[in-house]
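Accompanying notes for the structure given below.
The values are calculated or read from the model by the stated rules, or taken from the named source; none is laboratory data. These numbers come from a predicted model, not from an experiment. Every residue, glycine as well, gets a Cβ built from its backbone with ideal geometry; the counts of neighbours run over all protein chains shown. Ligands, DNA and RNA are excluded from the accessible area calculation, which covers all protein heavy atoms including side chains. Shrake-Rupley method; radii C 1.70, N 1.55, O 1.52, S 1.80 Å.
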Amino acid sequence: MSGQSAASLQKKRAVALPTEQYLSWGRYPKTVHQHVHRPAWNDQLPDILRTAAPGSLLPYGLGRSYGDSCLNAGRELIDCRRLNRILGFDPDTGMVRCESGVTLSDILEVFLPKGWFLPVTPGTRFVTVGGAIANDVHGKNHHRAGTFGAHVRQLGLHRSSDGFVICSPDENPRMFQATIAGLGLTGVIAWADIQLKRVAGPWIDAGAVPFHSLQSFLDLSRESDGRFEYTVAWLDCFGGRNTRGIFFRGNHSEQRGQNSRPKWGPKLPFALPAVALNRYTIKAFNSFYYHVHAADQGASLVRYDSFFYPLDSIRQWNLLYGKSGFLQYQCVVPENNLEALEEILDRIARSGMGSFLAVLKQFGSAPPAGLLSFARPGLTLALDFAMRGEPTLQLLRSLDEVVRQSGGALYPAKDARMSPALFEASFPRWRSFVPCIDPTMSSSFWRRVTEAE
Ligand SMILES: Cc1cc2nc3c(=O)[nH]c(=O)nc-3n(C[C@H](O)[C@H](O)[C@H](O)COP(=O)(O)OP(=O)(O)OC[C@H]3O[C@@H](n4cnc5c(N)ncnc54)[C@H](O)[C@@H]3O)c2cc1C
């Protein structure tokens with residue numbers, strides 16, 4: 001490569017990024033960092049950690065968390081994206097060892113043609129392995145496979161206090177459990193061993209079924225979970241407790257479809273004016289979306305990317321919400337408390353601040369993989385709200401009341417504003433996590449919800 005190493009080329013490219021560009025996916029809050037480290041090799045991490053002040057650092061993946069859990073306002077980030085090498089693979093077992101900046105998209109690109117798929121995937125493939133572990137992300141197969149962390153067999157962690165530590169269920173099990181869903185606070189994950197799963201190919205036998213109440217969603221979910229590996233629903237949240245929606249379900253297919261190349265859609269070039277998304281445009285979109293899928297029900301063979309990642313086809317779709325950004329609200333409420341979910345939907349409908357991306361899923365009963373894992377038995381609802389200042393925050397506070405009274409929880413990966421009291425109610429074990437925190441690590445989220453310095 002004309003006398004220049006790949007590493008030095010990468011270094012040159014990375015220098016151009018100003019620190020202000022390190023935002024989260026919701027683009028709220030707008031945070032400025034004091035400094036961003038961009039290591040190209042794992043062996044640069046010990047130096048960064050050794051010279052850091054207490055509470056000054058936080059690892060950063062692809063910033064696909066919506067709120068402030070990947071931000072460290074006024075302090076420093078370690079951008080892990082250049083730590084992106086696949087270090088080993090066992091073709092007999094499907095075990096892959098990769099550095100933490102490898103993305104789920106990279107794994108699919110390399111291993112799907114060889115017949116291996118991700119054990120769990122969130123609704124975007126543009127997530128790093130480090131980020132997927134640190135939030136212990138879940139997908140449409142939670143009822144079968146649990147969370148991403150349940151498929152991590154071992155990981156290497158750089159810590160300022162104890163150097164490089166190997167963690168697994170057998171070796172340093174406490175640190176292993178704390179690092180899964182550890183919000184980047186236990187140290188920097190250098191690499192992880194992930195168990196991939198065998199599939200016949202990139203095709204999914206998919207179906208879409210319309211439903212007209214939360215009870216009928218629950219009936220469909222219970223009936224489908226035994227037969228389908230992947231289940232999730234989209235909701236029209238303008239109907240309040242009389243909601244309607246589309247239940248999507250699917251299995252990996254042995255059949256081959258026609259087009260095997262992923263389709264890339266448009267890229268939003270800049271933030272749209274705030275008025276572009278309002279109750280009328282969202283209502284119209286929801287009605288259109290419902291009728292298209294309700295008419296289209298029945299089984300079809302679709303590529304994995306359109307089944308798992310419909311949003312990835314519009315690059316930078318987060319700019320749709322305008323310059324002020326948006327908030328995602330993802331809660332889980334106990335399954336026997338359908339009234340709580342009805343009340344949440346009622347409050348949203350009454351506010352007129354509907355969301356066109358409203359997703360509902362019944363979690364399974366898998367035990368939590370991490371000390372602070374969010375996924376737990378119950379119904380999880382995720383909605384997006386354009387950030388319109390106090391009226392938006394007021395609505396979300398009123399939803400918090402319902403979640404708290406129901407014994408539910410909010411998801412840190414999506415949060416930019418939950419109170420310390422709601423965090424405590426959501427994660428009552430958080431104090432037993434504190435001894436595992438690396439002394440050099442902190443985040444905007446953590447300081448907010450624990451009122452730490
Ligand atoms: C369109 C979309 C759909 C989504 N769907 C889902 C879904 O279905 N289910 C779900 O669970 N989530 C979902 N998410 C959220 C997303 O999966 C998580 O927020 C994920 O953690 C983001 O990973 P990231 O690589 O962007 O990490 P970041 O957002 O940059 O960071 C996330 C956390 O990981 C930590 N971290 C990053 N790298 C390392 C490292 N090397 N060592 C230690 N800690 C590290 C950071 O400190 C931070 O705490 C979705 C997000 C989007 C944008």
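Once the whole set of protein chains is in place, how much accessible area is left on S313, using a 1.4 Å probe, in Å² to the nearest 10?
Approximately 40 Å² of S313 is accessible to the 1.4 Å probe.
Taking all protein chains as present, what is the carbon and sulfur share of the accessible area of segment 86-199, in % to the nearest whole number, probe 1.4 Å?
The computed percentage sits at 50.
What percent does the relative contact order of segment 102-150 come to when contacts are Cα pairs within less than 8 Å and at least six residues apart?
37 percent
Quick one: go through segment 297-324 and flag any residue whose amide nitrogen is under 14 Å from the point 7 Å out along the Cα-to-Cβ line of Q255.
Only 298-304 pass the distance filter.
Once you mark the trypsin sites (Lys or Arg not before Pro) that are in a DSSP loop and have at most 12 other Cβ atoms within 10 Å, what is the longest gap between them in the chain?
1-226
So what is the accessible area of the chain per residue, in Å², with the probe set to 1.4 Å?
For the chain, the per-residue accessible area is 41 Å².
What figure in square angstrom, to the nearest 10, would you give for the accessible area of L383 with a 1.4 Å probe?
Rounded to the nearest 10, that gives 0 Å².
Would you list F89, F356, F148 from the most to the least accessible area, probe 1.4 Å?
These residues rank, largest area first, as F89, F356, F148.
Could you look at segment 385-425 and say what percent of its accessible area is carbon and sulfur, using a 1.4 Å probe and all protein chains?
In segment 385-425, the share of accessible area belonging to carbon and sulfur is 51 percent.
At 1.4 Å probe size, with no ligands or nucleic acids counted, give the accessible surface of E390 in Å², nearest ten.
The accessible area of E390 comes to roughly 100 Å².
Assign unit charges at the C-beta atoms only (+1 for Lys and Arg, -1 for Asp and Glu), then state the dipole size of the chain relative to its Cα centre in Debye, rounded to the nearest 20.
1040 debye
Among D106, D162, what's the order by accessible area (1.4 angstrom probe), most exposed first?
From most accessible down to least: D162, D106.
Give, as a single signed number, the net charge of other residues whose beta carbon lies under 10 Å from the beta carbon of A190, with Lys and Arg counted +1 and Asp and Glu -1.
Net charge around A190: -2.
Would you please state which residues of segment 395-429 a label at S161 would reach in this model, taking the label point 7 Å out along Cα→Cβ and a backbone N cut-off of under 20 Å?
Taking a point 7 Å out along Cα→Cβ of S161, the residues of segment 395-429 whose backbone N falls under 20 Å are 429.
How many lysine pairs are close in the chain, with Cα atoms under 25 Å apart and the two 8 or more places apart or on different chains?
Lysine pair count for the chain: 20.
In nm, to one decimal, how far is the modelled label at R198 from the one at D43, with both set 7 Å along Cα→Cβ?
Those two pseudo-labels are separated by 3.8 nm.
Compute the label zone of K283 within segment 389-411: residues whose backbone N is under 13 Å from the point 7 Å along Cα-to-Cβ.
none
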